[in-house]
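Input: a single structure, listed below in structure tokens.
Read the figures in this text as sums done on the coordinates, not as results from a lab. Just so it is clear, the structure is predicted and the values come from calculations on it, not from any experiment. So basically every Cβ, Gly included, is an ideal-geometry build from the backbone, and we count neighbours across all protein chains shown.
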Amino acid sequence: GLRPPEEPAQTVAAEMDAHVSDVASSTAASSPSSACSATVVVLVTGCSSGLGRALVVALAEQRDVRVRVYATARRVETLTGLTERYACVRALPLDVLDAAAARDAVA
């Protein structure tokens, strides 16, 4: 079931927000000749199915903004179809309840 937010999780979320902003800045400044030069960087959790997966597809298929999508799941092998179909999608293993894994995902 759902767990109430805990202080460590809130701290990790804040750290992830800050790091994703840093990554977005450095990615936007990178060479436009890459397969997916991104203007916006998005980290999506829970991408093995449901809403998370649908969000990744919607972001990858939209054409208004260049986007790099980091799709995450506990079992990263469930993301293979997304990374094979969309050049702008990268897969990362992540269990959002594991603070160390959350830090590693945005490192």
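Computed quantities for the displayed model
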quantity: Positive minus negative residues near residue 80 (Lys, Arg vs Asp, Glu; Cβ under 15 Å); calculated: +3
quantity: Cut-off 13 Å between beta-carbons: net charge of the residues surrounding residue 44, Lys and Arg +1, Asp and Glu -1; calculated: +3
quantity: Per principal axis, descending, Cα span of the stretch 36-96 in whole Å; calculated: 29, 20, 18
quantity: Cα-projected label distance for residue 84 with residue 51, points at 7 Å along beta-carbon direction, nm; calculated: 2.8
quantity: From phi via Karplus (6.51, -1.76, 1.60), per-residue ³J(HN,Hα) for the stretch 79-95 in Hz, x at Gly/Pro; calculated: 9, 4, x, 5, 6, 6, 7, 10, 5, 8, 9, 10, 9, 10, x, 7, 10
